[in-house]
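No value in this document is a laboratory result; all are computed from the given coordinates. Just so we're clear, the structure is a prediction, and the values are computed from it rather than from any experiment. We place every Cβ from the backbone using ideal geometry, glycine too, and count neighbours over all the protein chains shown.
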Amino acid sequence: MSYRPVRSWIANRIARHCVLPIMYRRQVMAFENRCQNARRVQLDLLSRIVRFGADSAFGTDFGLNRIRTVADFRNQLPIAGYDHFAPYIHRVANGETTAMFPPGERILTFIQTSATTGNPKIFPANKSWFRLYQRGWDVWGVKAFIDHPEMFGLPILQLGSVWKLGETPAGHNIAVSSAMIERYQSPFIKKHYALPPEVAMLKDSEARGYAVARFAAMGPIGLMSTVTPSWFLRIAECIRQFSQELIRDLYQGTIDPKFSIPPDPRRALEWKGRKPLKKRARELEQILNKNGTLLPRDMWTPSLISCWLGGTVGHASKQIPGLFGDVPMRDQGLLTSEGRHTVPMEDGIPQGVLAIDANYYEFIPVDETGSVDPVVLEMHELEVGRCYRLIFSTMGGLYRYDIGDIVQCVGYRGEAPVIEFLQKDGSYCDLEGEKLSAHTVCDAVAHAERVAGMSLACFTLAPLRPTGELPRYALVVEQREAPDVNRALALVRAMDDELRRTVLVYGATRLNRILGSPLLVRIASGEWQRLISREVTSRGASDTQYKHKPLVSDLSFLDRLKIVDSTDSSTQSSDRRAA
């Protein structure tokens, strides 16, 4: 979008005084009212979900037409994962829509998962499911614009993905969820996208990062949005690394030829970026000459930055204020390929109201995981402060689906629980019985960052079983983020102390020398991005979906990285070993 101040001013005034008040009443206030009667809303939705699927092959096989109560629902259907539904999903992919849906139901696309664990999976995105999924986005978006109305009319930096990743045997499109959202976004909102659609087509990570910075730099930005905060850090790195090229291209209206951009997208991008912006380029050049570097906060003052703030992925969001300035941030909510599960309503917190009108929810207390006959709770039965395994049923043909997400109830809004995503089940490592969790590791590293006076945009704690030595963990960081080894070692020691304090078994194994002291392992600068590129390529997914793992259980994890040196945290930095 080319920014036009007069048009932006007019759009802002119309939105503030006409559009947003109407949308607020229709979307946000209606959702708030439903939260006051959340239990009834959930039961009504469960009845709709069951009736909707009753005439499908799945519904016939599992007797959905015989379900009248919650007890019937639980007796008739097992709690299950993807493999339980895979045969029916594959039948839909092959053209048999009635395997999961009633006759005449339209399939919009198939959604490919981000493959946090295992190989990517696909799910059919049908029209009835998408209508409820989109309602959650409408509530989130209207509330965000009501709270930050000054961003209405300004360009939106929305990092998306290509629409067509492939096709099913029956010819249904395959895409990731972000591409589906963009595909069916309001035309009015899409007019305000700052990035040309060709940017999403770029597979080379460096070229894509630069193209994002290049087109977003052409003017102000109102809203910056992507699920994974690491993408904002990637934009900042591209601005720092290619500041000279960026300024020159803005001045000349060009796209630097050194970036790996295929001919067709390059021609389109060159045409859309052809207008020289000499004044803008001079402003940025003055800042670069004065400060010696260029940061996102030198280029934009957005009204709102939206990404995940919590969970294991959200750790990287702590780096955003230092790069983008003191900008309000709002969590996007617990989003999966199978649906939206929370609706955040406030800035700066990693939690949201359960999406009570999108899916039917059940919860299993974490300490019941693995039980043959676990306690299963409805949403109104959750206890504040306790952690649960999330189970849901949707209009998308999934019933009592166990996605493996661990959440915590942090309060209530009316009868609807407010929950926070913590981590995926299985995000654990257990060398000697300590069973560290990714969430605990993130908390310990955050504490250690404050103690050591440094911050990490990206890290991984990896297990080691070296021959002839005690098993131990290695905190893996890039060399450029930890140039001062002594300070980095202070961080590793503080992390170790915090884990010993908060994880009793870890503390005991360290005290009794069952586990050795953790290592600081520094890898070559840019190695995380190379790892991301390899992962994305091997899985055929989008880099905007990539979720970096702060904890792994793979003993060979370090074998895939270019190690600069490693240092035992119990020794001085002079004792470090080069790779």
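Working from Cα pairs under 8 Å separated by at least six residues, relative contact order for the chain is 13 percent.
Shape verdict for segment 149-327, please, from the Cα gyration tensor: rounded (a/c under 1.5), prolate (a/b greater than b/c) or oblate.
Details: a/c = 1.67, a/b = 1.25, b/c = 1.33.
Taking the square roots of the gyration eigenvalues as a ≥ b ≥ c, segment 149-327 is oblate.
Scanning the chain for DSSP H helices at least 24 Å long along the axis (C-alpha atoms) with a Kyte-Doolittle mean no lower than -0.5 picks out 127-147, 485-502. Among the trypsin sites (Lys or Arg not before Pro) found in segment 404-496, not one is both in a DSSP coil and sparsely packed, with 12 or fewer other Cβ atoms within 10 Å of its Cβ. With helices as the sole contributors, the chain gives -11000 deg cm²/dmol at 222 nm; each DSSP H run of n ≥ 4 counts as -39500 (n - 2.57), and the sum is divided by every residue.
Please identify the trypsin sites (Lys or Arg not before Pro) of segment 44-123 that satisfy two criteria: DSSP loop assignment and at most 16 other Cβ atoms within 10 Å. Which are they?
Passing sites in segment 44-123 are ARG68, ARG106.
Ranking of ASP568, ASP331 by neighbouring Cβ atoms within 10 Å, starting from the fewest: ASP568, ASP331. Bridges between two residues of the chain, per DSSP, are antiparallel at a rate of about 75%. Between segment 69-117 and segment 240-255, the C-alpha centres lie 48 angstrom from each other.
Near LYS121, which lysines are there with a Cα under 29 Å away, not counting those fewer than 8 places off in the same chain? Correct list for LYS121: LYS164, LYS190, LYS203, LYS424, LYS435, LYS547, LYS549.
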